[in-house]
Amino acid sequence: MNIQQLIDDIARDVRPYLGQAAPAAYIPALAGEDPQQFAIAVATLDGHCHASGDSDTRFSIQSISKAFMLARVLEVYGDSLWSRVNKEPSGNPFNSLVQLEYEQGIPRNPFINAGALVVSDIALSQLGDCSTALREFLREESGAADIDFDQHIADSEAEHGHRNAALAHFMKSCGNLHNPVDSVLSHYFRACSLRMNVMELARAGLFLANHGRSPVSGEQRLTRSQAKQINAIMLTCGTYDAAGEFAYRVGLPCKSGVGGGILAILPGRMSIAVWSPGLDARGNSLAGLEALDRFTTRSGQSVF
Ligand code: DON
């Protein structure tokens, strides 16, 4: 397979979708992103990285950070995590409040916002300054030592983050957050604000394609079984109430973010990162989904 040719073709073919959808508006600092931007990168386990489009441009990874934070927490806290968050698809939007009260403050899965707040709370207890720990992890795995937070985006989200604050306070009242709500929110917003480009993101995700072993350091970050578990949760919950559509069209574990990025994993082979800021109605990158659909359809590569 000629990966470079394939992704160049995809970058050309998704152009009609650019500008058809708007960037996230509920975080004002994201609303001004140019929706014409698009990038795709593929990092393979044999050490190559191919890219096309605006692949040098960094963007806010937002919820993609949840997959990496989950990996860190599974590494240091293990299966105890699953007494505080479930692993079932929610079928609801990522910021939904309704299910949480019915289910006594135990979030459906670690990728909806409520679940990611619980994961951040555990990370805070286990790692201390967990957003900085996550930044260091991403610097190491991507090889880019200057990856950093975007404090303007974190502050913008904090100022308008009433839904996340509501979720966090409700879970605190149920005893499912152990640290002060403000600390959990602030580390969560900082982690979401990290800026990376598609090549850095694809490289950072490679340990999930490599059965838990970092291709950079050779260190076994997660057990083979834990890497399988994260990929499984990405497939079933990583794109929220569109997880069925993504499984059907893309056929890979994916984690999306409202910055317009999506990370996809082909276990044993490669990781793929796409980015375009325009979002569909369920908060996933419109052109990103189109690109991933074309990648797996044309290459014949997926987990199925
Ligand atoms: O908490 C939020 O709403 C954002 N920081 C992250 C949401 C997100 O990226 C959902 N993904 N598609």
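Taking one equal scatterer on every alpha-carbon of the stretch 3-299, how large is log10 of I(q)/I(0) by Debye at q = 0.07, 0.16 1/Å? Log-scaled intensity ratios, in q order: -0.22, -1.28. Charge dipole (Cα centre; +1 on Lys/Arg Cβ, -1 on Asp/Glu Cβ; no other charges) of the chain amounts to roughly 720 debye.
Could you tell me what % of all Cα pairs in the stretch 208-304 have separations over 19 Å? Of the Cα pairs, 38 percent sit more than 19 Å apart. Here the stretch 1-142 is assigned +1 on the Cβ of each Lys and Arg and -1 on the Cβ of each Asp and Glu. Its dipole about the Cα centre then comes out at about 240 debye.
For the chain, averaging the sequence separation of C-alpha pairs within contact (under 8 Å, six or more residues apart) and dividing by the residue count gives a relative contact order of 27 percent. Once you list every other residue whose beta carbon is under 14 Å from the beta carbon of Ala123, what net charge do they have if Lys and Arg are +1 and Asp and Glu are -1? Spelling it out: positives minus negatives among the neighbours equals +1. The sum of -39500 (n - 2.57) across all DSSP H runs of n ≥ 4, divided by the residue count of the chain, sets its helix-only mean residue ellipticity at 222 nm to -14000 deg cm²/dmol.
Exposure proxy shown here: for Glu290, Glu75, Glu88, the number of other Cβ atoms within 10 Å sets the order, fewest to most, as Glu88, Glu75, Glu290. Ranked from largest, the principal axis spans of the Cα set of the stretch 102-180 equal 43, 27, 21 Å. Evaluating 6.51 cos²θ - 1.76 cosθ + 1.60 at θ = phi - 60° for every residue in the stretch 167-184, the Karplus couplings come out as 4, 5, 5, 5, 5, 4, 5, 8, x, 9, 10, 9, 9, x, 3, 4, 5, 4 Hz, glycine and proline recorded as x. Computed over the stretch 166-268, the quotient of the alpha carbon radius of gyration and 2.2 N^0.38 Å is 1.23.
Throughout, read-outs are computed from the coordinates displayed, never taken from laboratory work. In this text, all values refer to a predicted model and were calculated from it rather than measured experimentally. Glycine also receives a Cβ, built like all others from the backbone with ideal geometry; neighbour counts cover every protein chain displayed.
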